[in-house]
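**Q** Starting off with a structure, shown below.
The values are calculated or read from the model by the stated rules, or taken from the named source; none is laboratory data. Computed from a predicted structure; not experimentally measured. Cβ placement follows ideal geometry from the backbone for every residue including glycine, while neighbour counts extend to all protein chains displayed. When the accessible area is computed, the model is the full protein with side chains, heavy atoms only, and any ligands, DNA or RNA have been set aside. Shrake-Rupley method; radii C 1.70, N 1.55, O 1.52, S 1.80 Å.
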Amino acid sequence: MQTMRRPFVLAILLTGLTCCVISAVLAVPSNLPPLKDIVVAADGSGDFRTVQAAVASIPKTNGERMVIYVKDGVYKEKVRVEASFVTLRGQSRKGTRIEFSQLDEDFNQHPDALGRAVINVSGNDFVLQNLTVENTAGIPGPHAMTLYGDGDRTVVVDCDVLSDGADTISLWSRNNGRYYHARCNFRGSVDFICPRGWCYVTDSTFHEMLPTAATWHDGSKDKDMKFVLKNCRFDGTNGWNLARHHHDAQFYYLDCEFAKTMSDRAPFRVIYPLNNATPTEADTQRNRDLDKSNIWGERAYFFNCHREGGDYAWMTNNLSAAPGSPKPEQITAAWTFADKWDPERESGPAIQKVAMNGNQVLVTYDENVTVKGSPRLAWQDGKVASYAAGSGSQTLVFSGPSGMKEAPASLELNGGHIVATEAAATLRNASLALPN
């Protein structure tokens, strides 16, 4: 049997409902962004005592990046995020906890306005960062969602997202959903990471509670939709499966490591009945219905993946069989999202042009930006124009004295910030460089 090329690193499941993550795998970020638009503190020292109250204070029509900073504490509540461009950032990964007990079957019998999960997201460009969120229902098997959403460009970084039940993270924007996860710890049972659309996960650990499938994908709305998992570690109870799907799916596993408890079963399509008994008429009809969204065949691709105790034959490198025969180094977050979104992009928005209009100066960026504070434009003769409007758009308006004809010499933050509005792995500062 083939031995692993590097030590196998696992998330250690502790007593009760707490998980501890190996720090070497999931490093805590050293330089979190400074912005804090709203502060939540259970002890009353912030703007709000609950996360839901803070989130609800942001209008649904919001177009600016809003950062909600959640101080350490245990927040026993459900949260619904309806506005777009919202960041929920914890003070510390282990110290900031949002938790609630919610079985999906109980929600179906007694629905409420907040949703079926602990955190429910309907806005686009949502970012969850540096905290723990857990569905504490504590029953392996039944659906117990921790994060549910149907928005586009959802980012989860440096978080523990935990449940004992199924569908821990259910991001289901069926037609155009794009999701990015990095340096996270996930726990659950049946299909507990189950995206619809495009999803990229890197440097994360997975713990499967039952001998069921850990990952699931629905990529039936676009042949390009894919679920990429890179440099991830999988562990679980004896006999767990790696992946399954009901509809067309496309899995990529690169540089991943699997515990010896993983069963010898390649990613597979679900066929009813699940127990291999004789199909009923209802089972046969259900399989026929699913045939309509299974037209592209089995698509599961591997590169440099290894199992503790020996590899299975279906884990053999086969990227050459994937569409376009991509090289491992080509498979990045940007590649996953067909170069239409790059959540790992480090460069900030750049200024495209500066236009004079009476006593106003229009500064246009190459993407939407959010303004905090009072940036200003300055001229060499000492004149200034103060920020007036445009946050959340590409064009910022600065107002100054009338009769300005020459272009400004510099853009100064003046104690404020100009950042990218779009969701990303990090908050990107906009460039201040004016075009010649």
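**Q** Pick from Trp216, Trp172: which is under 27 Å from Asp106 (Cβ atoms), open to solvent by 30 Å² or more (accessible area, probe 1.4 Å) and either out of contact with any Ser or Thr (no Cβ under 9 Å at 6 or more places or on another chain) or modelled with pLDDT under 95 (or both)?
**A** Trp172
**Q** Give segment 242-265 a look and list any residue that's outside any loop (DSSP other than H, G, I, E, B) and farther than 24 Å from Ile331 by Cα, or say none.
**A** Met262, the sole residue that qualifies.
**Q** Here's something else I'd like to know. Under 6 Å between Cβ atoms, at least 6 apart or on separate chains: pull out the pairs that start in segment 95-121 with a residue that is modelled with pLDDT of 95 or more and in a loop (DSSP other than H, G, I, E, B) and end on any residue that is among the aliphatic types (A, V, I, L, M) and open to solvent by 20 Å² or more (accessible area, probe 1.4 Å).
**A** Sorted first by the residue in segment 95-121, then by its partner, the pairs are Ser101/Ala137; Leu103/Ala137.
**Q** From the set of residues in segment 60-81 that are open to solvent by 70 Å² or more (accessible area, probe 1.4 Å) and touching an Asp or Glu at 6+ places or on another chain (Cβ under 9 Å), which is nearest to Arg153 (Cα to Cα)?
**A** Lys60
**Q** Follow-up question, since we're still on this one. If I ask for residues that are over 27 Å from the mean Cα position of the chain (by Cα) and under 14 Å from Phe268 (Cβ atoms), which ones from segment 298-316 would you list?
**A** Within segment 298-316, Tyr312, Trp314 qualify.
**Q** For the list (1) open to solvent by 40 Å² or more (accessible area, probe 1.4 Å); (2) touching a strand residue (DSSP E or B) at 6+ places or on another chain (Cβ under 8 Å); (3) within 30 Å of Asp37 (Cβ to Cβ); (4) at pLDDT 95 or above, I need the number of the one condition that Asn359 fails.
**A** Unmet condition: (4).
**Q** Arg376: charged (D, E, K, R), open to solvent by 60 Å² or more (accessible area, probe 1.4 Å) and either touching a residue at least 24 places away in the same chain (Cβ under 8 Å) or within 28 Å of Thr61 (Cα to Cα) (or both), yes or no?
**A** In short, yes.
**Q** Still on this structure, I have one more. For segment 266-283, indicate whether the set of residues that are within 28 Å of Tyr180 (Cβ to Cβ), in contact (Cβ under 8 Å) with a residue 24 or more places away in the chain and part of a strand (DSSP E or B) is non-empty.
**A** Yes, segment 266-283 contains a residue that is within 28 Å of Tyr180 (Cβ to Cβ), in contact (Cβ under 8 Å) with a residue 24 or more places away in the chain and part of a strand (DSSP E or B).
Residues are listed down the side, and each one gets a yes or a no for (1) at positive phi; (2) open to solvent by 30 Å² or more (accessible area, probe 1.4 Å); (3) of a type in the set (Val, Ile, Thr):
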residue: Asp222; (1), (2), (3): no, yes, no
residue: Asn238; (1), (2), (3): no, yes, no
residue: Leu254; (1), (2), (3): no, no, no
residue: Lys260; (1), (2), (3): no, yes, no
residue: Arg265; (1), (2), (3): no, yes, no
residue: Phe268; (1), (2), (3): no, yes, no
residue: Asn276; (1), (2), (3): yes, yes, no
residue: Arg299; (1), (2), (3): no, no, no
residue: Met315; (1), (2), (3): no, no, no
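**Q** If you check Ser45, Ser84, Ser57, which single one turns out to be within 21 Å of Leu171 (Cα to Cα) and either touching a residue at least 60 places away in the same chain (Cβ under 8 Å) or open to solvent by 20 Å² or more (accessible area, probe 1.4 Å) (or both)?
**A** Within the list Ser45, Ser84, Ser57, the selection yields Ser84.
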